[in-house]
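The values are calculated or read from the model by the stated rules, or taken from the named source; none is laboratory data. From a predicted model like this one, the values you see are computed outputs, not experimental measurements. As a convention, Cβ positions derive from the backbone with ideal geometry for all residues, glycine included, and neighbour counts pool all protein chains shown. These accessible areas exclude ligands, DNA and RNA; they are computed on the full protein's heavy atoms, side chains included. Shrake-Rupley method; radii C 1.70, N 1.55, O 1.52, S 1.80 Å.
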Amino acid sequence: MKTITTLLILLMTLNVMGQESLSLSDAINIGLENNYDLKITLQSEEVASLNNSWGNSGALPSVSFNMSSYENYYLKNNDENYRAQTVTPEVSLSWVFFNGFSAKITKQKLAELEEQSKGNTAILVENTIQDIILAYNSCLLQKALVEVYKELSELSEDRYQRTENSKDIGASTTYESLQAKTSWLEDQSNYLQQKVDYENAIRSLNYLLAVEDNSMWTLTTELELTTSDYNLDDLSAKLLENNKTLRNQYLNQSLLAKETALAKSNFYPSLSLSTGLGTTWLDYNYAGDTSNYSQTTTNPYVGLNLSFNIFNGGTTKRNYQIAQINEEMEQVTTEQMKHSLNNQLLQLYSNYNVQKAVLELAKETEAAAKLNLELSEAKLKSGAINSFNYRDVQIVYMNAAISKLQAMYNLIDSNTDLLRITGGIINQYN
């Protein structure tokens, strides 16, 4: 028995050696830095930023340079051959300076697409922070449960030793000793299993942090939460203003409004300018007595082009009507999302207040069970109660301690949900 206890202590000591300290804020920083999905999303955000330019909207002119060179051979009427070489460089500029305001609308659309990309990044950051918070606190919960099962195991071992000593002097029976041994072995088994659960929770945290799976940590943040008295009206206002999913939906709605404006721009005429300068160099080289000569011609030009769609089978009008319908559908989707989020907020707010009350009750229950355990231990030693009564008290204390720890975790979970849905989780954890 002592050998088993010593081995367990040795294993715990070996696990602690070489561990690195990790606070909750450190875990969040590491997770955000290493997150695979976040790296991809940030690159998508960079692409959206590069696309957001006036040059990509069609508002700026385009300038091009072309040059062609070719040679021709001809046979003249006096049977004298000659060679003609032509070189034609040209610089041209084309600019659609009015197209129903489509360039301005497209630029606004590109800016909103960039904002939407940033919104997607923010949503992913929020989800990542929430996952890390829950995973970290899950580790704290499992670690605290290890201590509970360890304490119960030690109490059961002490009870078993006491029963063995009593049996030697005839104060207890073999049956009582076997029952005590069975309880101790059961508590030892629970203790060992809980250690495995704690290690698995650490591995799950490591996966979220994108670090080595076998990394072990000394967790420095406590499984505790300073409770706040939230006001439902304030939470509702924050939800409508700061919820990242809802803000992205507003951008979706605005983008469809831009699509409607672009469809409407097709009703306007298009006016474009084209200008350029072309030069032609001709060289004539005769094979006979005719003198060679060269010719240079410069041709500047400026042109305006006005185009207006008079009739195309109603396609322009249909596209505009479809864009309007899509915009109206997105407005309905926005209202539905607001309703759904408000409904979620009411549930989360109610759950948070319930979890606060449950935690207070669990703390009182655990304190009473702890005191009862201490009193029962003294009674067991004095012989006022038997080992079976003491075991019942142990089980009551174990359940109360587990319930308190679970209530603490549930409150943290509920509080994190409230922070996320109201858009405050990033500011809360910087």
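Show me, for the stretch 269-277, the HN-Hα J-couplings you get by feeding each phi into the Karplus relation (A = 6.51, B = -1.76, C = 1.60, θ = phi - 60°), rounded to Hz, glycine and proline as x.
For the stretch 269-277, the Karplus-derived couplings read x, 10, 10, 10, 10, 9, 8, x, 9 Hz, x marking Gly and Pro.
Roughly how tilted is helix 2-16, in degrees to the nearest 10 and between 0 and 90, from the longest Cα axis of the chain?
Between helix and principal axis, roughly 20 degrees.
Can you work out ³J(HN,Hα) from phi for every residue in the stretch 238-253, in order, using Karplus 6.51 cos²θ - 1.76 cosθ + 1.60 and θ = phi - 60°, giving whole Hz and x for Gly and Pro?
Values per residue, Gly and Pro as x: 5, 4, 5, 8, 10, 4, 5, 5, 5, 5, 5, 5, 4, 5, 4, 5 Hz.
Report the FRET efficiency, 1/(1 + (r/R0)^6), for Q161 and E212, where r is their Cβ-Cβ distance and R0 is 41 Å, rounded to 0.05.
0.50
Grab the beta carbon distance between E222 and T182, set R0 = 30 Å, and tell me the FRET efficiency rounded to 0.05.
The computed FRET efficiency comes out at 0.30.
Using the charge dipole of the chain (Lys, Arg: +1 at Cβ; Asp, Glu: -1 at Cβ; taken about the Cα centre), state which of Y268, S387, Q19 has its Cα farthest towards the positive end.
Y268
Among T41, S102, N127, whose Cα lies farthest out toward the positive end of the dipole of the chain, if unit charges sit on the beta carbon of Lys, Arg (+1) and Asp, Glu (-1)?
S102
On a 0 to 90° scale, report how tilted helix 102-168 is relative to the longest principal axis of the chain, with both axes built from alpha carbons and the result rounded to the nearest 10.
That works out to roughly 20 degrees.
Among 144-151, 379-386, what's the highest-first ranking by average C-beta atoms within 10 angstrom per residue? Don't jump to the answer; show the numbers that get you there.
Values: 144-151: 19.2, 379-386: 13.2.
Per-residue mean Cβ counts within 10 Å order the peptides as 144-151, 379-386.
Which length gain, in nm to one decimal place, applies between S53 and N34 when the Cα-Cα distance is subtracted from 0.36 nm times their residue separation?
3.8 nm
Can you tell me the accessible area per residue over the chain, all protein chains present, probe 1.4 angstrom, in square angstrom?
Accessible area per residue: 57 Å².
Whole-Hz Karplus ³J(HN,Hα) for the stretch 377-384, in order, using 6.51 cos²θ - 1.76 cosθ + 1.60 and θ = phi - 60°, x for Gly and Pro?
Working through the residues one at a time gives 5, 5, 5, 4, 5, 8, x, 6 Hz.
Could you tell me the convex hull volume per residue, in Å³, taken over the Cα atoms of the chain?
Cα-based convex hull of the chain, divided per residue, equals 262 Å³.
What do you get for Rg/Rh over the stretch 287-430 if you use C-alpha atoms and the Kirkwood form of Rh?
Values: Rg = 40.1 Å, Rh = 23.8 Å.
Computed over Cα atoms, the ratio is 1.68.
Where the accessible area of the stretch 376-415 is counted over protein heavy atoms with a 1.4 Å probe, how much of it, in %, is carbon and sulfur?
Looking at the stretch 376-415 in its full context, I get 51 percent from C and S.
Subtracting the Cα-Cα distance from 0.36 nm times the residue separation, let me have the gained length for N299 to T280 in nm, one decimal.
6.0 nm
Label Q253 and S68 with points 7 Å out from Cα along Cα→Cβ: what is the distance between them in nm?
5.5 nm
Which whole-number percent gives the relative contact order of the chain, counting Cα pairs below 8 Å spaced six or more residues apart?
Relative contact order of the chain: 23 percent.
Any idea how far apart E328 and F101 come out in nm if each label point goes 7 Å out from Cα toward Cβ?
2.2 nm
Which percent of the accessible area of the stretch 85-216 is formed by carbon and sulfur heavy atoms (probe 1.4 angstrom)?
C and S fraction of accessible area: 52 percent.
Stretch S382-S44 to full length: gain in nm at 0.36 nm per residue minus the Cα-Cα span?
Result: 114.5 nm gained on full extension.
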